[in-house]
Every structure is written in C-alpha cells, then in structure tokens.
1. So, in the range A:174-194, exactly how many residues are surrounded by 17 or more Cβ atoms within 10 Å (Cβ to Cβ) and closer than 24 Å to residue A:3 by Cβ?
2. Just one of (1) more than 24 Å from residue A:199 (Cα to Cα); (2) surrounded by fewer than 22 Cβ atoms within 10 Å (Cβ to Cβ) trips up residue A:39, so point out which.
3. Would it be correct to say that residue A:205 is within 17 Å of the chain's Cα centre (by Cα), modelled with pLDDT of 80 or more, in a helix (DSSP H, G or I) and surrounded by 12 or more Cβ atoms within 10 Å (Cβ to Cβ)?
4. Do we find that residue B:89 is surrounded by 21 or more Cβ atoms within 10 Å (Cβ to Cβ), within 14 Å of chain A (Cβ to nearest Cβ) and more than 19 Å from residue B:148 (Cα to Cα) in this structure?
5. Looking for whichever is in contact with a helix residue (DSSP H, G or I) (Cβ under 7 Å, 6 or more places away or on another chain) and in a strand (DSSP E or B) here; the options are A:230, A:212. Which one fits?
6. Please count how many residues of the range B:71-86 are without any contact (Cβ under 8 Å) to a residue 24 or more places away in the chain and either facing another protein chain (nearest Cβ under 7 Å) or over 18 Å from residue B:12 (Cβ atoms) (or both).
C-alpha cells in the first residue's frame, strides 16, 4: 500500500544550522500521526518540505506516491496544510477567502462543502466578516478551514492549538477526528503532549534534525515502566531498603513541619502494597500519598534528555 | 484553468477594493501633470508640427500611468503577501509557475489599462487628440503594461521589505519613465542624453505608443516594437525562472 507520506533521507541546512539531518519516515494512510520535538528540532522545516514551502538539500518526499518536487501539482492536491503562523489576507471576507482557496485547487462551486466546514468549525456566523475583524481564535479556525477546502486525503497541522481556547480545541479535534475516521491521514505537531497522547496512534520524536524515537503511542508509553509513587512522611526518613526505588534523590525536610517527600518507581501496582508495608514496619507515618501514571511527557523528557 | 482564473480574480479584487488608492489617485496625479505642464509650456513648446504641446503630452502621460500602475500592482501585491505571510496560501496550492506569472502580470496589465483609460478619457476635455493608427496604440500599451507587470513581479519576488521595493520603484522605474520622453521629444536633448535615452527600453514603449496617435515618432515604430518585444521576452524568462525555482519564495 502506498504510504500517505514517505520521507526518505531528507537533509536540509540553513547556513550553519543543520535543520534536518537524514530524516526517514513512512506515514501510513489513515494514521493519526504525531510529530513531536522541542523548539528548533526541525518539525516545521520538515512540514515545509512536505508542503513544498521549502526544498530539501538531499533526499525525497512523496505524498500518496507523488514526489513533492517533480509531481508537485498532484502532491499538493493530496495535502492540506495548516501553517503555524497566524496569517490571513486582510482584503477578503471568510467566505471569499475559502472560495478563493478552493479555486486555487481548481475547484469551483464548492459552497456546499465550504458551508459544512464553516458549520463544523463554528464559523457560520462569521462567513461574511472581513478577516481583519476576526479574533485570533477565529482566524485560526479559518486557517484550518482553508487547509480543508479541497478535501485533502492528508491533513497536516503545525501546532494548530498553540494559544487557543478550550472550546476551539474541542471543536477542532472533534472535526479532525471525524475526518480521520472517514479515512483522512492526519499529521500533527504540538507542544501539548497530552493532546498527542490522546489523539495520535503513532509518534515520531525529532531532536536536532534527527528522528530519536518512532513508535506507536502505546509502545512509547511502555518505555517508562510503571508509575511513580509519591509519599510524604510526617517525620523520619525512608527505610534504606527502599532507596533503590527512588526516582529522585532524597529531598530536604520541610522547614516548618519536618516532613519529607519521596518519589518511588513502581513497576506493578502490587508493589505499592509492599512499599507501604515496609514504611509501616519502620514505624513511619504517611502524611500524603499519590500515584502518578507515566505519561507521554515522561517519555518525552526521558528520550530528549537521554540523547544529550 | 480554474487556478489561474481564481488568482487573476483575487488580484483584480485586491486592487478594486482599494480603488481610491489604486485607480482614482493615479488618474488625478496624471491630470495635475497635464494641467500644470500643459499650462506652462503650451505656448512655448511644439514637438511635432501641428500638434499642440498638451496633445503631445497626453499619450506620454497615459503610457506613464499604464506603466507605473502595472508595476505598482504586481510588486505591491507580492511584497504585501510576502511580508504578511499570506503568500503561503498560494504557495501551498498546485498553481504552476506559469499560472502565477500569467495571473499576476495580467492583473497588473488590467490595472494599468484602467488607469490609462481613465487618464485618456479625462484629458480628452483638455486636448484634441488624433488616433492615426489605433493598432500601434493597443500593441504598445499591451506590451508596456506586460513588461512593467513582469518587472513588478520580479521586484516583488526580489524585495524582502517595503524599503527595497521603494528603492526599486523610486530609483529605477520612476526615473526610467520620466526620462523616456513623456514630457519632451528626446531629439531636443543634447547628444549624450539622447544616446542615454536610446538605451532606455521605456523610451521605445512611449515613443511607439505616441506614434499610434500622431503618426510621428523619434524612432520607427517597428524598431521600437522589436526592442520592446525582446525586452518582454527576456524579462518574462527571468520572472518565470524565478517562480519555477522558488527564488526567495520557497526556501
């Protein structure tokens, strides 16, 4: 089966900066794929190359089998890109903007689909408003709408929820989720890792222009085995037998109460029972107790930190 | 074709929505030139026998308006889109470099014609014009507008800020049009400046255009046509190549 996006040994340099250093990735049709990494990791450069906004120095990219350079017309028809920057054309209304964007893709008479997008993104009331008069959140919605006018099989969103309110996030993910269920491939970059964890079935992590992790979200989460048990002892210190489980060094006691807090790694939940038993046997009093499930943020920090 | 048509429509709508600035203002400016220069020089200058100075001036002013507005349209549209970032909406689409080139240049030509026509209609009140050979008028207007639309496109691609575009416009386009014989016949110039004028492609556009009105020109219209055509082909080649390579547009 043809990959939705095939990225093969892509390199890109800006002056002294090697923005991408041999990135290879295949994103399958129908995937909800996350592209994560700290600022400057090369995510936006990679998206720009896929979208044809930048050219790779080396390597190839194809969208549904269409090379983004040699067969750019077919490649660009197959993809809809939501750019990170909040850009708009101040001369036009929302509807004019969307009609024109359809026209650029060779589509005329697209009003039924435009109306549906407007409805799904909560823009219907703003259809005839000039772009200048819209709030930032509304402009962001139009940006998403513009990427969808030609019903692209592949949708690429570059930090679509940066600085937007809860309502728009929910509206956006409901609509994008529906499109994904209908078979559209979705590629997402975001700094909100809980968003990526909830939405993406597979994730690539980029660091300094290289892929440092590429796996299903479930498999990535398994990399951090188990959870973290945080106990707060009213007085005294943790029994020495538990020190090998500490995930952080022992903390200083609280100046006013003398209480100490410890974070312990827990692989299986039944270990919690044994830990608590040992603390009780040592005659210590637990003041507070929390169990943190490992999440994508822990994995992200481990992977990004581990490679340094 | 739909992609090209849409981009053309967008470019037309863009200047139409700010018509005071893009159409009315240049027409008023050209009229002021005509009133002032015509008034001051009418009694003193006769360039072609039997043609009043005001009548001589009109085709020059019309062509100057066509040229400057054609340039202004493509260059300002492109630089605005680049600086505000909304050029991305065009770069993300399957529009080819030929479609982009044709749409930007054609829109620039249409704005140039609208201003030129406006200037001509209004000046008809002030001067008695003849139209000896309308075909030459149309051919030179078309080519002149196309050339300046193309130059605007190149300038818009090249410039990274408004300042650079203003330099292009004020130090290249405006002097080249003013020194192309809008207000005088280049034969009235000293030999050195006559030679310099002959190196200015804008001179041939205006001279050929004026020939269509009076049947008089400084250079044979066929010579002017050849030079102007070659100039257009070279500029178009440059513009299309820049678009194809994505020079300063796709990084």
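1. Summing the residues that are surrounded by 17 or more Cβ atoms within 10 Å (Cβ to Cβ) and closer than 24 Å to residue A:3 by Cβ in the range A:174-194 gives 10.
2. Every listed condition holds for residue A:39 apart from (1).
3. Working: within 17 Å of the chain's Cα centre (by Cα): yes; modelled with pLDDT of 80 or more: yes; in a helix (DSSP H, G or I): no; surrounded by 12 or more Cβ atoms within 10 Å (Cβ to Cβ): yes.
Taking the combined requirement at face value, the residue does not satisfy it.
4. On the way: surrounded by 21 or more Cβ atoms within 10 Å (Cβ to Cβ): yes; within 14 Å of chain A (Cβ to nearest Cβ): yes; more than 19 Å from residue B:148 (Cα to Cα): yes.
Here the answer is yes, as residue B:89 does meet what is asked.
5. Working: A:230 fails: in contact with a helix residue (DSSP H, G or I) (Cβ under 7 Å, 6 or more places away or on another chain).
One residue alone meets the criteria, A:212.
6. First pass over the range B:71-86, keeping only residues without any contact (Cβ under 8 Å) to a residue 24 or more places away in the chain: B:80-81, B:84-86.
Pick out the ones that are also either facing another protein chain (nearest Cβ under 7 Å) or over 18 Å from residue B:12 (Cβ atoms) (or both) and you get B:84-86.
The number of residues fulfilling the criteria is 3.
Yes/no matrix, rows are residues, columns are (1) surrounded by 15 or more Cβ atoms within 10 Å (Cβ to Cβ); (2) away from every other protein chain (no Cβ under 14 Å); (3) within 18 Å of the chain's Cα centre (by Cα); (4) within 30 Å of residue A:49 (Cβ to Cβ):
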{"site": "B:166", "(1), (2), (3), (4)": "no, yes, yes, no"}
{"site": "B:214", "(1), (2), (3), (4)": "yes, yes, no, no"}
{"site": "B:223", "(1), (2), (3), (4)": "no, yes, no, no"}
{"site": "B:251", "(1), (2), (3), (4)": "no, no, no, yes"}
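For every residue, the table says whether it meets (1) touching a strand residue (DSSP E or B) at 6+ places or on another chain (Cβ under 8 Å); (2) farther than 20 Å from residue B:110 by Cβ; (3) in a loop (DSSP other than H, G, I, E, B).
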{"site": "B:136", "(1), (2), (3)": "no, yes, no"}
{"site": "B:141", "(1), (2), (3)": "no, no, no"}
{"site": "B:148", "(1), (2), (3)": "no, no, no"}
{"site": "B:166", "(1), (2), (3)": "no, yes, no"}
{"site": "B:182", "(1), (2), (3)": "no, yes, yes"}
{"site": "B:194", "(1), (2), (3)": "no, yes, no"}
{"site": "B:203", "(1), (2), (3)": "no, yes, no"}
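The values are calculated or read from the model by the stated rules, or taken from the named source; none is laboratory data. Given the structure is predicted, the values throughout are model-derived calculations rather than measurements. Using ideal geometry, Cβ is built from the backbone for each residue, glycine included, and neighbour counts are taken over all protein chains shown.
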